[in-house]
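Here the structure comes first, spelled out in structure tokens, and everything after it is commentary.
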Amino acid sequence: MQRTDRRKTVLVTGTSSGIGRATAEHFSARGWNVAATMRRPEADTALRALANTKLYALDVTSNDSIESAMESVVRDFGAIDCLVNNAGYGVDGVFEAMSDEVIAKQFETNVFGLMKTTRAVIPRMRANGGGSIVQIASMGGRITFPLFSLYHGTKWAVEGFSESLHYELRPFGIHVKIVEPGAIKTDFYGRSRVFVGGEREEYRSIVAKAEKVSQGPAQTGAPPELVARAIEKAATHTGRRIRFAVGAPAPMLLALRRFLPETLFFAIVRSSYGL
């Protein structure tokens, strides 16, 4: 049986900035133990000051790093009740111009890294009687926009993987949830962005049009704290619902994608980009 006589513990990947940092802060304020992980925790000072929070080095592309971090978290806090798979970044641009290295790194972090941390936490949660795994996908895990083919490929993979996984883990009391942020004001549009192929003459027109639309959320997006609240809601939800869309325009666009004919939805996207 899952222990209830202790403070619950959440492990969050990718807490150096954006949604991950906001999530660590939110769970700390809500009374959880927080294992805030990042590749270089020695560079962080703000999260160390949070109540019930410890920092750990964790590189989601390394099995050894994942195992070491989880062993340390269990030793320090007793168990991992919730894993928030947030670590990731976005590649956008002209797919024709993307190298094998760019493609591999995007999938290694956004997909394979998420799978590795998920796989590592399952036996620990099963031994503890259950828990929750919250996968940070995107509205771009079920709809697409121009020049984000590689990023969309990773997030669609996360959606399919997580949806299937929830069937096999629920009998163990492990709940798999998917949070789908919309336009959120984070480093996704700045420091963390990798843009490829903008110099290609053949694509200059579509790149110019897409840039005007895709970079808008850098100034107008919702704050990451909004997503952090949705993550807590997902983490504590034990019902059958697995998807939680948050931040405009995610709920609206996902509803339109569900109910409109495919060709009409594509026409709306093309029109919004001036294509």
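Read-outs throughout are calculated quantities, based only on the coordinates presented, and are distinct from any laboratory measurement. What you see is a predicted model, and the numbers here were worked out from it, not measured in a lab. Positions of Cβ are generated from backbone atoms using ideal geometry, with glycine treated the same way; all protein chains shown enter the neighbour counts.
Gyration tensor over the Cα atoms of region 38-143: the corresponding equivalent ellipsoid has semi-axes (square roots of 5 times the eigenvalues, largest first) of 28, 17, 13 Å.
Distant-in-sequence amide contacts of Ile178, defined by a placed amide H-H separation under 5 Å and a gap of 5 or more residues or a different chain, comprise Gln135, Arg243, Phe244.
For region 82-149, the alpha-carbon radius of gyration amounts to 1.36 times the rule-of-thumb value 2.2 N^0.38 Å expected for a compact globular protein. How would you classify region 107-204 from its alpha-carbon gyration tensor, with a ≥ b ≥ c the square roots of the eigenvalues: rounded for a/c under 1.5, else prolate if a/b is greater than b/c, otherwise oblate? Prolate is the answer for region 107-204, as a/c is 1.5 or above and a/b outweighs b/c. The modelled label-to-label distance for the pair Arg119/Asp44, using points 7 Å beyond Cα in the direction of Cβ, is 2.5 nm.
Checking the cross-link pairs Lys212/Lys233; Lys8/Lys105; Lys54/Lys212; Lys209/Lys233; Lys105/Lys185 against a 31 Å limit on the alpha carbon distance flags Lys212/Lys233; Lys8/Lys105; Lys54/Lys212; Lys209/Lys233 as lying beyond it.
The value of relative contact order for region 9-272, using C-alpha pairs under 8 Å at least six residues apart, is 20 percent. Expressed in Å, the radius of gyration and Dmax of the Cα atoms of the chain are 18.8, 63. Label-to-label distance for Asp64 and Glu202 is 4.2 nm, based on points extended 7 Å past Cα in the beta-carbon direction.
Taking a ≥ b ≥ c as the square roots of the eigenvalues of the Cα gyration tensor, an a/c ratio of 1.5 or more together with a/b larger than b/c marks region 1-96 as prolate. Maximal additional length on extending the Ser192-Phe172 stretch stands at 3.6 nm, based on 0.36 nm per residue less the C-alpha distance. Calculated mean residue ellipticity, 222 nm, the chain: -13500 deg cm²/dmol, from DSSP H runs (n ≥ 4) at -39500 (n - 2.57) each, averaged per residue and rounded to 500. Were the residues from Thr236 through Asn52 laid out at 0.36 nm apart, the gain over their Cα-Cα distance would be 64.4 nm.
Kindly state, to the nearest 0.05, the FRET efficiency for Ile268 paired with Ala104, given R0 = 30 Å and r defined as their beta-carbon distance. Using R0 = 30 Å, I get an efficiency of 0.35.
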